[in-house]
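Worksheet for the structure shown next.
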Amino acid sequence: MARGLWKGAISFGLVNVPVELYSAQKRSSELDLTMLDKRDLAPVGYKRYNKSTGEDVPWGEIVKGYEYQDGKYVVLSDEDFRRANVEASKTVDIQAFVDARDIPPLYFETPYYLSPGKRGEKAYALLRDALRKSGKAGIATVVIRTRQYLAAVLPYEDVLMMNTLRYADELRGASDLSAPASAPHAKATAKELDMALRLIDDMSEKWRPERFKDTYRDDLMARIEEKVKAGQTEEITEPEKGRKEPAGAEVIDLMALLKKSVARKQEKHEKPRRQAKSKRRAA
């Protein structure tokens, strides 16, 4: 496990559970691309410089500041962030418990693990098991670095997870979207709905996250290698002439597409069975 972000406690009621906070995310698999100057393909660099003198500033000489008047700053150190609220800076403060299933997916942001601290194992296990049995999530506030977050504390396997949540005022409502509502032309027929349910049933399976991989990264690497082999490393690829974007206003025969999808899925299931039968006959 990577190094913990901080040591603190989960607080609910008069109970304090010592914990250590860890990130649950690995480093992104996104390709590390370099920004280049289009004119000569030289790498583009960004400098940290003093805007008064123009001189470069090393990381060790940089501090944070808040501009309280035009051109005037209050310098803030890590100790200032701690002193702003000593308890909040190291506490997952549970404000309420809600049904976990009542939290809409769009609120979830970043996952963290909460590991039990010394002499906190019993209280940690008690909270984890109580949350699991009740189906509840602890809604908490927590300060990470320089910002206070809303968070949900949830049981996951043998540990407690803390998932930061977006505040309600950070989310846009869906009312402005042109989603189909009760308009007659947008309503699916009973047959279309039955066919869609059949397709969903045929495609249903147990959740196996390891089955899903970032295949686009491999596709992009193959494209990069293709350009290298073709000697096109400095060629800017332009869009193909005559390539048409998908038409957005096309009339779709929904029933026909659903039937084709169901038939294709059934064929995919039947093929291994036919192959197995053929092998048994041959034996």
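The values are calculated or read from the model by the stated rules, or taken from the named source; none is laboratory data. Computed from a prediction, not measured in an experiment: that's the story for all the values here. Glycine also receives a Cβ, built like all others from the backbone with ideal geometry; neighbour counts cover every protein chain displayed. What goes into the accessible areas is simple: the full protein's heavy atoms, side chains included, and nothing from ligands, DNA or RNA. Shrake-Rupley method; radii C 1.70, N 1.55, O 1.52, S 1.80 Å.
Find all pairs meeting these conditions: Cβ atoms under 9 angstrom apart; at least six residues apart or on different chains; first residue within the stretch 135-159 and outside any strand (DSSP E or B) and among the β-branched types (Val, Ile, Thr); second residue modelled with pLDDT under 95 and surrounded by fewer than 21 Cβ atoms within 10 Å (Cβ to Cβ).
The qualifying pairs are 146/64; 146/76; 146/81.
Condition (residue is modelled with pLDDT under 85, open to solvent by 70 Å² or more (accessible area, probe 1.4 Å), within 24 Å of the chain's Cα centre (by Cα) and farther than 27 Å from residue 258 by Cβ) applied to the stretch 153-162: is it met by at least one residue? Quick ask: steps written out before the conclusion?
So in the stretch 153-162, the residues modelled with pLDDT under 85 come out as none.
Looking for residues that are modelled with pLDDT under 85, open to solvent by 70 Å² or more (accessible area, probe 1.4 Å), within 24 Å of the chain's Cα centre (by Cα) and farther than 27 Å from residue 258 by Cβ, one finds none in the stretch 153-162, hence no.
Tally the residues that are open to solvent by 60 Å² or more (accessible area, probe 1.4 Å), of a type outside the set (S, T, N, Q) and not in a loop (DSSP other than H, G, I, E, B), restricting the search to the stretch 16-48.
Residues that pass the stated criteria total 2.
Could you please let me know if residue 137 is under 27 Å from the mean Cα position of the chain (by Cα), open to solvent by less than 40 Å² (accessible area, probe 1.4 Å) and of a type outside the set (Phe, Trp, Tyr)?
Yes.
Name the residue, out of 83, 145, that is within 20 Å of residue 165 (Cβ to Cβ) and open to solvent by 60 Å² or more (accessible area, probe 1.4 Å).
Values: 83 fails: within 20 Å of residue 165 (Cβ to Cβ).
After ruling out the rest, the residue left standing is 145.
Where residues in the stretch 52-70 are part of a loop (DSSP other than H, G, I, E, B) and either polar (S, T, N, Q) or more than 22 Å from residue 146 (Cβ to Cβ) (or both), which of them is most open to solvent (accessible area, probe 1.4 Å)?
Kept after step one, since they are part of a loop (DSSP other than H, G, I, E, B), are these residues of the stretch 52-70: 52-55, 57-58, 62-63, 70.
Filter again for either polar (S, T, N, Q) or more than 22 Å from residue 146 (Cβ to Cβ) (or both), leaving 52-55, 70.
Numbers: 52: 110, 53: 89, 54: 44, 55: 120, 70: 151 Å².
In this case the residue turns out to be 70.
Please go through the stretch 221-259 and pick out each residue that is hydrophobic (A, V, I, L, M, F, W, C) and at pLDDT 85 or above.
Of the stretch 221-259, the ones hydrophobic (A, V, I, L, M, F, W, C) are 221-222, 224, 228, 230, 236, 247, 249, 251-252, 254-258.
Scanning the stretch 221-259 gives 221, 222, 224, 228, 230.
Against the condition open to solvent by 80 Å² or more (accessible area, probe 1.4 Å), aliphatic (A, V, I, L, M) and either part of a helix (DSSP H, G or I) or touching a residue at least 60 places away in the same chain (Cβ under 8 Å) (or both), how does residue 114 come out, does it pass?
Numbers: open to solvent by 80 Å² or more (accessible area, probe 1.4 Å): no; aliphatic (A, V, I, L, M): yes; either part of a helix (DSSP H, G or I) or touching a residue at least 60 places away in the same chain (Cβ under 8 Å) (or both): yes.
No, not satisfied.
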